[in-house]
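The values are calculated or read from the model by the stated rules, or taken from the named source; none is laboratory data. Bear in mind that the values here come from a model prediction, so they are computed numbers and not experimental data. When we count neighbours, we look across all protein chains shown, and the Cβ atoms used for this are built from the backbone with ideal geometry, even at glycine. These accessible areas exclude ligands, DNA and RNA; they are computed on the full protein's heavy atoms, side chains included. Shrake-Rupley method; radii C 1.70, N 1.55, O 1.52, S 1.80 Å.
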Amino acid sequence: MSRSDAPPDPAGGAGTPAAAKAPYAKAPYAATSYAKASYARLASAKLAAGAVRVFLVAAALFWLLPTLGLLLSSFLSPTDLNKGGWWQVLTAPSRLTAGNYERLLANDTITGSLLNTFAIAVPATLLVLLLGSFAGYAFAWLEFPGRDWLFLVVVGLLVVPVQVALIPVSELFGTIGLFETTAGVVLFHTAFGLPFAVFLLRNFFAQIPRELLEAARLDGAGELRLFTRVVLPLGGPAIASLGIFQFLWVWNDMLVALVFADSASPPITVALQQQVRQFGNNIDVLAPGAFLSMVIPLVVFFAFQRQFVSGVMAGAIK
């Protein structure tokens with residue numbers, strides 16, 4: 001029997017060879033449909049990602065707009081500021097001047113306040129890091145009576161607001177002779193920074209494998225050597241993050257400095273407040289002063305940015 005004489009299919013179709021060709025005939029159409037669907041999904045995903053990026057960029061620009069306006073205002077003279085807002089720079093960039101910064105830096109009170117702020121922020125940060133590291137290690141790996149209850153007390157101190165302690169601490173500092181002194185401001189910031197430091201470092205140190213510490217003890221390492229040679233190097237990211245937080249908190253503080261600092265040697269925040277005139281918008285003073293006080297914290301943050309990110313991500317990724 002020849003191929004053309006093949007009997008028809010019992011189900012009413014054509015011969016078997018012709019019927020066998022039908023699925024293969026549909027294959028190119030199915031592949032084309034699948035490719036079109038894949039291209040459509042890919043285009044839709046790219047469009048959605050592009051829309052998200054545009055939204056994030058717009059949100060970031062909207063968020064930075066007040067800061068940009070304050071920055072441009074810091075380069076405008078008081079006369080130009082009284083004529084209009086910072087947007088006048090867009091049409092008349094020649095009005096930009098560094099006169100406001102020159103007057104601030106020529107002020108001995110402002111330059112001296114920067115040194116006073118360093119004298120407060122650096123010791124307050126170092127003391128919190130040192131005492132918080134020791135206490136965090138003790139709560140994480142040392143066994144002593146009442147450890148858990150004492151740690152709960154430390155955690156409870158996190159919710160105590162600074163304003164509650166201003167009056168009693170002022171009376172205490174006045175009695176012992178620390179009121180209106182740099183040491184008093186440092187001690188106050190240290191006391192209120194320690195609860196968070198202990199809480200953060202204890203939780204970080206507790207993630208260190210016990211086997212690692214036991215191996216160091218078997219090699220003859222004491223607790224102090226174990227803390228300095230094993231725990232501190234592993235806790236570097238968390239300690240760096242804590243240091244950045246504490247330094248920024250102390251540097252930008254005004255309330256505690258306004259209450260406890262010596263009025264003759266104030267930090268930068270109080271010094272700027274003292275330069276404000278009673279009448280007028282004071283933008284020519286506040287705008288350059290704000291950016292002048294922002295320089296050092298920004299340098300510290302970007303210098304330790306990698307450690308900060310590592311400390312924030314610690315514990316999230318095993």
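Give the accessible surface of the range 34-98 per residue, rounded to a whole number of Å², with probe radius 1.4 Å and ligands, DNA and RNA excluded. Each step should come with its number before you reach the end.
Numbers: 4910 Å² over 65 residues.
About 76 Å² of surface per residue is accessible.
Using a Förster distance of 30 angstrom, determine the FRET efficiency expected from the C-beta separation of residue 49 and residue 70, and round it to 0.05. Don't skip to the end; give the middle numbers.
Values: r = 33 Å, r/R0 = 1.10.
According to the calculation, E is roughly 0.35.
Computed FRET efficiency, Cβ-Cβ of residue 208 and residue 159, R0 30 Å: what is it to the nearest 0.05?
On the way: r = 28 Å, r/R0 = 0.93.
For residue 208 and residue 159, the calculated efficiency is 0.60.
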Quick one: 3J(HN,Hα) in Hz for the range 79-84, Karplus 6.51/-1.76/1.60 with θ = phi - 60°, rounded, Gly and Pro as x. 5, 5, 5, 6, 7, x
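Largest first, what is the accessible-area ranking of 80, 108 with a 1.4 Å probe?
Working: 80 25, 108 125 Å².
Descending order: 108, 80.
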Could you give each residue of the range 109-124 its phi-based ³J(HN,Hα) in whole Hz, using Karplus coefficients 6.51, -1.76, 1.60 with θ = phi - 60°, and x for Gly or Pro? 5, 5, 5, x, 5, 5, 5, 5, 5, 4, 5, 8, 5, 5, x, 5
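Label the range 36-127 by shape, choosing from rounded, prolate and oblate, from the square roots a ≥ b ≥ c of the eigenvalues of the Cα gyration tensor; if a/c is under 1.5 it is rounded, and otherwise prolate applies when a/b is larger than b/c, oblate when it is not. Mind dumping the intermediate values first?
Values: a/c = 5.52, a/b = 1.70, b/c = 3.24.
It comes out oblate by the Cα gyration axes.
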